[in-house]
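> Here you go, one structure.
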Amino acid sequence: MANKFLSRILSHSVTQNALSLFIVQIGRYLLPLMTIPYLARVLGPEAWGLVIFAQTSAQWLIVVLDYGFNLSATREIARYRDNKEQIPEIVASVIGAFGLLLLASGLVVLLMSLYVPAFKQHPDYLVWAWLIAIAQGIAPLWYFQGIERMQPPAMLDLGVRTFASVAMFVWIKTSDDGWKVLALQAFAGLLASGFMLAWMYREIPWQFPRFASALKALRMGWSMFLYQSSSSLYTTANTFILGLLASVEQVAFYGGAERITRSILSLMGPLSQAMFPRMSYLLANDSRRAAKLASISMLVMGIGGLFLAGALALTAPTIVHILLGAKFEPTIPLLRVLILLIPLIALSNVLGIQWMVPLGLDRAFNTIIIIAGFINLSLAVIFTQRFGTLGMVWTVVLSEAFVTVAMYILLWRKGLALHQAWRIETNK
């Protein structure tokens, strides 16, 4: 009986999609974590801090180029996945929108090259950061995620990123080789995205993007872009702000703690991403099942977040010494504060991405994220100038705590908190 139940769970499309997304997360977050012990020691705090700053800038550019299509386009593909005529139109509109966003990102890169001191001294780091962003922005993972068939692109993505990670141990030998980290990441991303595009167009016919449809895709993705750009104000922005206010060594200490935390968080990301298209589909067809599935997800994500945070708190000194080395001792107290993000983000992902967005509460959702972003920016400048990197980590935690609490209060006041929705649906 138990084996039959387990087999049914493992063969379910949501589980298969989650496992595939987990493979993608391994390539994008856990594999780089494996290179940290080597890079931190070979490059040293100063050179590695510059690499982290460039990677953070790439993440900001990714927000522009991705434009929230990993959510908005996934949602559209999931809704029309049985419509063979609608899917190519959605794909063409997203590709056309990416072309317009590429021009916009070029303007952003130009401004960064003129006004960001680190990039005025190292313009090649900015170019590689832009290429990393282009590679991730053009990857059509939203298509495969929408049709809930992530296995092929996931394995492809993992393969090329494994090659890039192994190559770092061969190609990077001195503190002057920091740019090679970015070059390898850009090459792996572009190669994976190229194969994914070819794979996608084997399944659907090519349609030339039209300007009007591209604008439509931008309007479709606006709310999700607003969410991701606003959330970057209290995630990605922190390393960038720190790079403007502190030394690159301080960026390296903070970046080390953040990368360890974000790598742990990436273990939870696949479940959340896999649930999103399923929740969008169920809310349109079977609201009772949607409420039940969201409640289960909240339980799993909450328990998983607490377990991971507890384990990381106990092993923080050992993890820092193994991954970063003795020179990164200041990272330990930063890591012990940042682990509070794990249960907070686990809960906010369920309340926001898995529940509020599929319910159509995009405006309220974005309002919370925007407010959190401005809270973070204000606290980041004040706390960092007064308390240094420790002030920055508390800024991040407080901003994320605001998001989680605000989402629950809003849903509760609307009678849509998960326990309320479940009670209503089971009483029908």
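The values are calculated or read from the model by the stated rules, or taken from the named source; none is laboratory data. Just so it is clear, the structure is predicted and the values come from calculations on it, not from any experiment. Don't worry about glycine lacking a Cβ; one is built from the backbone with ideal geometry, like all the others, and counts go over all protein chains shown.
> I'm told L359 meets every condition in (1) farther than 23 Å from Y227 by Cα; (2) of a type outside the set (K, R); (3) not in a helix (DSSP H, G or I) except one. Can you identify the failing condition by its number?
The single condition L359 does not satisfy is (1).
Residue-by-condition table, conditions (1) of a type in the set (F, W, Y); (2) under 28 Å from Y201 (Cβ atoms):
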{"position": "L33", "(1), (2)": "no, no"}
{"position": "R41", "(1), (2)": "no, no"}
{"position": "W60", "(1), (2)": "yes, no"}
{"position": "A73", "(1), (2)": "no, yes"}
{"position": "V91", "(1), (2)": "no, yes"}
{"position": "L100", "(1), (2)": "no, yes"}
{"position": "P123", "(1), (2)": "no, no"}
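> Moving to a separate point now. With respect to S378, is the statement that it is without any contact (Cβ under 8 Å) to a residue 60 or more places away in the chain and of a type in the set (S, T, Y) true?
Here the answer is yes, as S378 does meet what is asked.
> Would you pick out the residues in region 65-97 that are within 18 Å of the chain's Cα centre (by Cα) and not acidic (D, E)?
Hits for region 65-97 are L65, Y67, G68, F69, N70, L71, S72, A73, T74, R75.
> Given (1) touching a His at 6+ places or on another chain (Cβ under 9 Å); (2) touching a residue at least 12 places away in the same chain (Cβ under 8 Å); (3) not basic (K, R), where does E329 come up short, assuming only one miss?
Checking E329 against (1) touching a His at 6+ places or on another chain (Cβ under 9 Å); (2) touching a residue at least 12 places away in the same chain (Cβ under 8 Å); (3) not basic (K, R), the one that fails is (2).
> Looking at I369, is it at pLDDT below 90, surrounded by 18 or more Cβ atoms within 10 Å (Cβ to Cβ) and among the β-branched types (V, I, T)? Full working, then the answer.
Details: at pLDDT below 90: yes; surrounded by 18 or more Cβ atoms within 10 Å (Cβ to Cβ): yes; among the β-branched types (V, I, T): yes.
The answer is yes for I369.
> Output the residue which, of all residues in region 388-428 that are among the polar types (S, T, N, Q) and over 25 Å from I241 (Cα atoms), is modelled with the highest pLDDT. Please lay out each step first, then the result.
Here is the first cut: in region 388-428, the residues among the polar types (S, T, N, Q) are 389, 395, 399, 404, 420, 426-427.
Imposing the further condition that a residue be over 25 Å from I241 (Cα atoms) reduces the set to 420, 426-427.
On the way: Q420: 53, T426: 43, N427: 41.
Here the residue is Q420.
> Search region 233-255 for residues that are more than 17 Å from F387 (Cβ to Cβ) and buried (at least 19 other Cβ atoms within 10 Å of the Cβ) and pair each with any residue that is at pLDDT 85 or above and among the charged types (D, E, K, R) when their beta-carbon atoms are under 6 Å apart and the residues are at least 6 apart or on different chains.
What qualifies is V248/E46.
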